[in-house]
1. In a helix (DSSP H, G or I), within 19 Å of residue 60 (Cβ to Cβ) and hydrophobic (A, V, I, L, M, F, W, C): is that true of residue 158 in this structure?
2. The conditions are (1) over 20 Å from the mean Cα position of the chain (by Cα); (2) assigned to a strand (DSSP E or B), and residue 178 fails exactly one of them. Which is it?
3. Considering only segment 208-225, state which residues are farther than 17 Å from residue 139 by Cα, buried (at least 16 other Cβ atoms within 10 Å of the Cβ) and out of contact with any Leu (no Cβ under 6 Å at 6 or more places or on another chain).
4. Which members of segment 157-185 meet the condition of being over 21 Å from residue 236 (Cβ atoms) and at pLDDT 95 or above?
5. Among the residues of segment 220-242, is any under 19 Å from residue 114 (Cβ atoms), in contact with a strand residue (DSSP E or B) (Cβ under 6 Å, 6 or more places away or on another chain) and not aromatic (Phe, Trp, Tyr)?
6. Looking only at segment 161-175, count how many residues are open to solvent by 50 Å² or more (accessible area, probe 1.4 Å) and not in a loop (DSSP other than H, G, I, E, B).
7. Report, ordered by the first and then the second residue, all pairs with beta carbons closer than 6 Å, sequence separation of six or more or different chains, a first member in segment 58-79 that is under 14 Å from residue 117 (Cβ atoms) and of a type in the set (Asp, Glu), and a second member that is modelled with pLDDT of 95 or more and crowded, with 24+ Cβ neighbours inside 10 Å.
8. Please specify each residue of segment 65-106 satisfying the condition of being farther than 29 Å from residue 42 by Cβ, open to solvent by 50 Å² or more (accessible area, probe 1.4 Å), assigned to a helix (DSSP H, G or I) and not polar (S, T, N, Q).
Amino acid sequence: MNRLSLLLSLVLAALALAACGGDEGDKPASTSEAKAPACAKDELALVTPGALTVGTDKPAFPPYFEDNDPTNGKGFESAVAYAVANELGFPKADVKWTVVPFNSSYAPGPKDFDFDINQISITPKREQVVDFSRPYYVAPQAVVVGDGSQLTDVSSLADLQDATIGVQIGTTSLDAAQEVIQPSEQLKVFNDSNDVVTALKQNQVDAVVVDLPTAFYLTAAQVPGSKIVGQFNAPGGDSFGLLLQKDSELTRCVDHALEKLESSGKLKQITNKWMGAAAGAPELR
């Protein structure tokens, strides 16, 4: 009986201790606190201690960079890089840039940068050998017209419904043109991007639909006199992410920085400034 009483006393004591352990000081962190990573500047795993090293290719083209100078903060990706750096605690003076050829950025192996920003699409194959941040940009679709087109002043998707529109087979642009523009004429579907460019040059079509990053390149380098008349949202666009070394300790902190930029509206402001009407790509509705 004495042993039974002792055992009973121990059980009651344990229950009492458990009941007392739930005061305010022992409460678990809130969901948001639990999600936020510990990313103190002096504890980050960096290529160069005290500096944030950012990679991109050279030459660096508009609208992603201006004057072929990533360091000036002008252009969409330069602005994004500095905004992320600021969230991580790095002033502009502590951000260092290094040249990284596009195809080298997602090759396996050690990196000499902390993250790379260069319109790099997030793909499952690349994710096998490098880390990506959450997307900082999801590409919309764009409408491009050739030199002398009658459609240079369109202001809505309805203005395009009677146009002859070219698209590449097997692309999100084909589905977007069909479902969002809903043209009255059948789309002209081409086998590859070269055929799309040729069709625009030779005025075989009134306009072509491509993703916006392709549209910037097409008008800047491929079809003289061509123009982006507008952009529109459609599902399935490429997602661009900041690229980091595989299993980088910095990835979670970069993700958190982008999350803060999204929630504050800062990322949207940067996108609107450099990838919207000011860049020659007004939104069509």
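The values are calculated or read from the model by the stated rules, or taken from the named source; none is laboratory data. This one's a predicted model, so the numbers in the text were calculated from it and none came from an experiment. Here the Cβ is made from the backbone with ideal geometry for all residues, glycine too, and neighbour counts use every protein chain on show. The area values use the complete protein model at the heavy-atom level, side chains included, leaving out ligands, DNA and RNA. Shrake-Rupley method; radii C 1.70, N 1.55, O 1.52, S 1.80 Å.
1. Taking the combined requirement at face value, the residue does not satisfy it.
2. Among (1) over 20 Å from the mean Cα position of the chain (by Cα); (2) assigned to a strand (DSSP E or B), the lone unmet condition for residue 178 is (2).
3. The one that is farther than 17 Å from residue 139 by Cα, buried (at least 16 other Cβ atoms within 10 Å of the Cβ) and out of contact with any Leu (no Cβ under 6 Å at 6 or more places or on another chain): 222.
4. Matches in segment 157-185: 158, 159, 161, 162, 163, 164, 184.
5. Scanning segment 220-242, I find at least one residue that is under 19 Å from residue 114 (Cβ atoms), in contact with a strand residue (DSSP E or B) (Cβ under 6 Å, 6 or more places away or on another chain) and not aromatic (Phe, Trp, Tyr), so the answer is yes.
6. Of the residues in segment 161-175, 3 are open to solvent by 50 Å² or more (accessible area, probe 1.4 Å) and not in a loop (DSSP other than H, G, I, E, B).
7. 77/64; 77/117
8. Once the filter is applied, which keeps residues that are farther than 29 Å from residue 42 by Cβ, open to solvent by 50 Å² or more (accessible area, probe 1.4 Å), assigned to a helix (DSSP H, G or I) and not polar (S, T, N, Q), segment 65-106 yields only 102.
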